[in-house]
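So the structure is just underneath, and the comments pick up after that.
The values are calculated or read from the model by the stated rules, or taken from the named source; none is laboratory data. Since the model is a prediction, treat every value here as computed from it, not as a measurement. Note that we place each Cβ from the backbone using ideal geometry, even for glycine, and neighbour counts take in every protein chain shown. The protein model used for the area step is the full one, side chains on, heavy atoms only, and it has no ligands, DNA or RNA in it. Shrake-Rupley method; radii C 1.70, N 1.55, O 1.52, S 1.80 Å.
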Amino acid sequence: MKILVTGGAGFIGSHTCVSLLENGYDVLVYDNLSNSSEESLRRVEKITGKKVEFVKGDILDKEKLNEVLSKDKFDACIHFAGLKAVGESVEKPWEYYQNNIAGTLNLVDAMRNNGCKSIIFSSSATVYGDPAEIPITENCPKGTCTNPYGWTKSMLEQVLSDIQKADNEWNVILLRYFNPIGAHKSGTMGENPNGIPNNLMPYITQVAVGKLKELGVFGDDYDTPDGTGVRDYIHVVDLAEGHVAALKKIKENCGLAIYNLGTGVGYSVLDIVKNFEEANDIKIPYSIKPRRAGDIAACYCDPSKAKAELGWEAKNGIKEMCEDSWRWQKNNPNGYEN
Ligand code: NAD
Ligand code: UFG
């Protein structure tokens, strides 16, 4: 089976390529490298001992997408490509709607033109907004997003669902990721953010490696056990395996399906700091800062639907997530630029 992986050079995409190759799938990665490096794919090849076919291309380039999809027979597409910085999306909404929405419409059009009607889409817990219930099940209503990035995910879920409803030859799986952290156990692949990280774990690892002075904890007055924000952190390798499980489901002609991919366990910011310090024997200096605009108090899922229907569940706990994040950062202080 051959899988088209858009955005496959990125953080989650590259780890998913490892899982796909290890499970006997062939992959072609289509990525414009706007937020990644081809070096991640060389590391995938080193880990798996297998070749990764790569086309440098943009999902906004209709012709190139049609060329790629017409040359080969793809059984499915896993669609990671997209811009994902929440704050930047508030500054540049047009660019986010254009890249994520217009790009996905191009992709879907090229897929149907070439007889590939199975797609796994990278959605996000952000579509629940400030969740109506916790733990969040897939039946929890979608909410109001606080930024254009979130809206692109919410709108694309609607677009892909409508396309599947109108043509039941389509199989669409929407995977709502919670908070991916961690890295491949080899310490050769991990998250490689540009500039100062927005997300908690890469910020912590950059403090640990001495690139940043201290962590700012955004708010300690939330209605949570210690007042700091609670999230459902999931190891990126577990998340990658979730895509392999979803591909098996797609082979059964599943129609439209939606799954939360998380662990079901919520950790606060201070829990993460403490677990990171204990797992790696490193002190993380921090200070309490005001709340960050758009943040919610708590967000964690009920992952039982994915377990029941995909036979998938996260295997790594918080200790492994902290150890693996640190191994990657320590071995690669400048990410893939080493
Ligand atoms: P990432 O930025 O590391 O990977 C995205 C990849 O897409 C990058 O390699 C980038 O170069 C590529 N890309 C962007 N625009 C493109 C375009 N127009 N054409 C071709 N390639 C393009 O991000 P990630 O963390 O690996 O996230 C993967 C997907 O999962 C994204 O869609 C993201 O929105 C979604 N997601 C991520 C998180 C998270 O916290 N990391 C949470 C929920 C959902
Ligand atoms: N936090 C800090 N200091 C930091 C960074 C984060 O205290 O320097 C806190 C946040 O306030 C929040 C928690 O750490 O309480 C997690 O924040 P992240 O930025 O790591 O993650 P978010 O939950 O805000 O958002 C992430 C992705 C979104 C995605 C969402 C749900 O960035 O794209 O998870 O999947 F939509």
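Take the residues of the stretch 215-229 that are within 26 Å of the chain's Cα centre (by Cα) and of a type outside the set (Val, Ile, Thr): which is surrounded by the fewest Cβ atoms within 10 Å (Cβ to Cβ)?
So, considering only residues that are within 26 Å of the chain's Cα centre (by Cα) and of a type outside the set (Val, Ile, Thr), the one surrounded by the fewest Cβ atoms within 10 Å (Cβ to Cβ) is 216.
Please work out which residue is nearest to ligand 1 (Cβ to nearest atom), limiting yourself to the stretch 290-331 and to residues that are surrounded by fewer than 13 Cβ atoms within 10 Å (Cβ to Cβ) and either of a type outside the set (Gly, Ala, Ser) or at pLDDT 95 or above (or both). Outline the logic, then answer.
Kept after step one, since they are surrounded by fewer than 13 Cβ atoms within 10 Å (Cβ to Cβ), are these residues of the stretch 290-331: 290, 293, 308, 311, 315.
Retained after the next criterion (residues that are either of a type outside the set (Gly, Ala, Ser) or at pLDDT 95 or above (or both)): 290, 308, 311, 315.
On the way: 290: 22, 308: 22, 311: 22, 315: 19 Å.
Selected residue: 315.
Looking at the stretch 87-125, which of its residues are within 15 Å of ligand 2 (Cβ to nearest atom) and assigned to a helix (DSSP H, G or I)?
87, 88, 89, 90, 96, 99, 100, 125
Test each condition in (1) of a type in the set (A, V, I, L, M); (2) open to solvent by 40 Å² or more (accessible area, probe 1.4 Å); (3) within 11 Å of ligand 2 (Cβ to nearest atom) for residue 200 and report the one that comes out false.
Residue 200 satisfies all of (1) of a type in the set (A, V, I, L, M); (2) open to solvent by 40 Å² or more (accessible area, probe 1.4 Å); (3) within 11 Å of ligand 2 (Cβ to nearest atom) except (2).
Results for (1) of a type in the set (A, V, I, L, M, F, W, C); (2) in a loop (DSSP other than H, G, I, E, B); (3) more than 9 Å from ligand 2 (Cβ to nearest atom), shown as yes or no for each residue.
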| residue | (1), (2), (3) |
| --- | --- |
| 217 | yes, no, no |
| 223 | no, yes, yes |
| 240 | yes, no, yes |
| 244 | yes, no, yes |
| 247 | yes, no, yes |
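Inspect the stretch 273-282 for any residue being within 15 Å of ligand 1 (Cβ to nearest atom) and part of a helix (DSSP H, G or I) and give the result as yes or no.
No, that holds for no residue.
Within the stretch 144-163, does at least one residue satisfy the condition of being under 14 Å from residue 300 (Cα atoms) and open to solvent by less than 10 Å² (accessible area, probe 1.4 Å)?
Taking every residue of the stretch 144-163 in turn, none turns out to be under 14 Å from residue 300 (Cα atoms) and open to solvent by less than 10 Å² (accessible area, probe 1.4 Å).
So which residues in the stretch 155-184 are among the basic types (Lys, Arg) and either over 30 Å from residue 47 (Cβ atoms) or more than 18 Å from the chain's Cα centre (by Cα) (or both)?
Selection gives 165 alone.
Of the residues that sit in the stretch 72-86 and are buried (at least 18 other Cβ atoms within 10 Å of the Cβ) and more than 16 Å from ligand 2 (Cβ to nearest atom), which one is farthest from the chain's Cα centre (by Cα)?
Of all residues in the stretch 72-86, those buried (at least 18 other Cβ atoms within 10 Å of the Cβ) come to 74, 76-86.
Among the residues that remain, those that are also more than 16 Å from ligand 2 (Cβ to nearest atom) are: 74, 76-78.
Working: 74: 22, 76: 18, 77: 15, 78: 11 Å.
For the stretch 72-86, the residue satisfying everything is 74.
Under 6 Å between Cβ atoms, at least 6 apart or on separate chains: pull out the pairs that start in the stretch 42-63 with a residue that is at negative phi and more than 16 Å from ligand 2 (Cβ to nearest atom) and end on any residue that is aromatic (Phe, Trp, Tyr) and open to solvent by less than 60 Å² (accessible area, probe 1.4 Å).
55/30; 57/30
Could you say which residue among 33, 4, 69 is open to solvent by less than 10 Å² (accessible area, probe 1.4 Å), modelled with pLDDT of 95 or more, within 15 Å of ligand 1 (Cβ to nearest atom) and under 20 Å from the mean Cα position of the chain (by Cα)?
4
Being among the charged types (D, E, K, R), at pLDDT 95 or above and not in a helix (DSSP H, G or I) is the requirement here; does residue 84 meet it? Don't jump to the end; show me each part of the working.
Numbers: among the charged types (D, E, K, R): yes; at pLDDT 95 or above: yes; not in a helix (DSSP H, G or I): yes.
Criteria met by residue 84.
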